[in-house]
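Q: Could you have a look at this structure, given as structure tokens, before my questions?
The values are calculated or read from the model by the stated rules, or taken from the named source; none is laboratory data. Please read all numbers here as calculations on a predicted model, not as lab measurements. Note that we place each Cβ from the backbone using ideal geometry, even for glycine, and neighbour counts take in every protein chain shown. Protein only, heavy atoms only, side chains kept; ligands, DNA and RNA dropped before computing areas. Shrake-Rupley method; radii C 1.70, N 1.55, O 1.52, S 1.80 Å.
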Amino acid sequence: MRSMNNTYENAYKEVFVILQELNEEEYNKIPVDVIETIKNKMNKEYEVKIDFDKNIKKQELLPKTRAILFNLYRDYCASKIDKEKIIKLQEKERMLKELQKKEKYGTDVFENRKKKNKKDTL
């Protein structure tokens, strides 16, 4: 029996349906075991409504679907240059989020650990 929250399972189904529409060259860039995992984890009963005449950006997809597709693109389909750009952008976004947390909560969690570790070594 499936859980009440099928968000990931539904997202995997949307991803699987989209992957089926890729041309053979792009599809083959994704490892078979990754595709099998998606296939095994998807909600087979979920009815996907995708209009393949529309751009993927204009589709009403689950946010998790977009995240999975983005990761698949980054890891398997992007050129080396695009992959490096994406990774740098993600690192910059992570740093910005950490800075925002630090400003919001007024402390650096790791700073407290460093101080404690220094005391332990003295």
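Q: Can you tell me how many residues within segment 27-49 are open to solvent by less than 50 Å² (accessible area, probe 1.4 Å) and more than 17 Å from the chain's Cα centre (by Cα)?
A: Summing the residues that are open to solvent by less than 50 Å² (accessible area, probe 1.4 Å) and more than 17 Å from the chain's Cα centre (by Cα) in segment 27-49 gives 2.
Q: How many of the residues making up segment 53-68 are within 15 Å of Q20 (Cβ to Cβ) and out of contact with any Asp or Glu (no Cβ under 6 Å at 6 or more places or on another chain)?
A: Final tally of qualifying residues: 3.
Q: Is it true that some residue in segment 85-105 is touching a helix residue (DSSP H, G or I) at 6+ places or on another chain (Cβ under 6 Å), of a type outside the set (S, T, Y), modelled with pLDDT under 95 and open to solvent by less than 90 Å² (accessible area, probe 1.4 Å)?
A: Narrowing segment 85-105 to residues touching a helix residue (DSSP H, G or I) at 6+ places or on another chain (Cβ under 6 Å): 86.
From the residues that got through so far, the ones that are of a type outside the set (S, T, Y) too are 86.
Add one more test, that the residue is modelled with pLDDT under 95, and what stays is 86.
This time we only want the ones that are open to solvent by less than 90 Å² (accessible area, probe 1.4 Å), so: 86.
Yes, there is a match, as at least one residue in segment 85-105 is touching a helix residue (DSSP H, G or I) at 6+ places or on another chain (Cβ under 6 Å), of a type outside the set (S, T, Y), modelled with pLDDT under 95 and open to solvent by less than 90 Å² (accessible area, probe 1.4 Å).
Q: Within segment 5-26, restricting attention to residues that are in a helix (DSSP H, G or I) and charged (D, E, K, R), which residue is least open to solvent (accessible area, probe 1.4 Å)?
A: E14
Q: Shifting gears a bit: Has segment 50-60 got any residue that is open to solvent by less than 90 Å² (accessible area, probe 1.4 Å), under 21 Å from E26 (Cα atoms), free of Cβ contacts under 8 Å to residues at least 12 places away in the same chain and under 16 Å from the mean Cα position of the chain (by Cα)? Spell out the reasoning first.
A: Residues of segment 50-60 that are open to solvent by less than 90 Å² (accessible area, probe 1.4 Å), as a first pass: 50-51, 55-56, 59.
Those left that are additionally under 21 Å from E26 (Cα atoms): 50-51, 55-56, 59.
Restricting the remaining residues to those that are free of Cβ contacts under 8 Å to residues at least 12 places away in the same chain gives 51, 55, 59.
Narrowing the set further to residues that are under 16 Å from the mean Cα position of the chain (by Cα) leaves none.
Scanning segment 50-60, I find no residue that is open to solvent by less than 90 Å² (accessible area, probe 1.4 Å), under 21 Å from E26 (Cα atoms), free of Cβ contacts under 8 Å to residues at least 12 places away in the same chain and under 16 Å from the mean Cα position of the chain (by Cα), so the answer is no.
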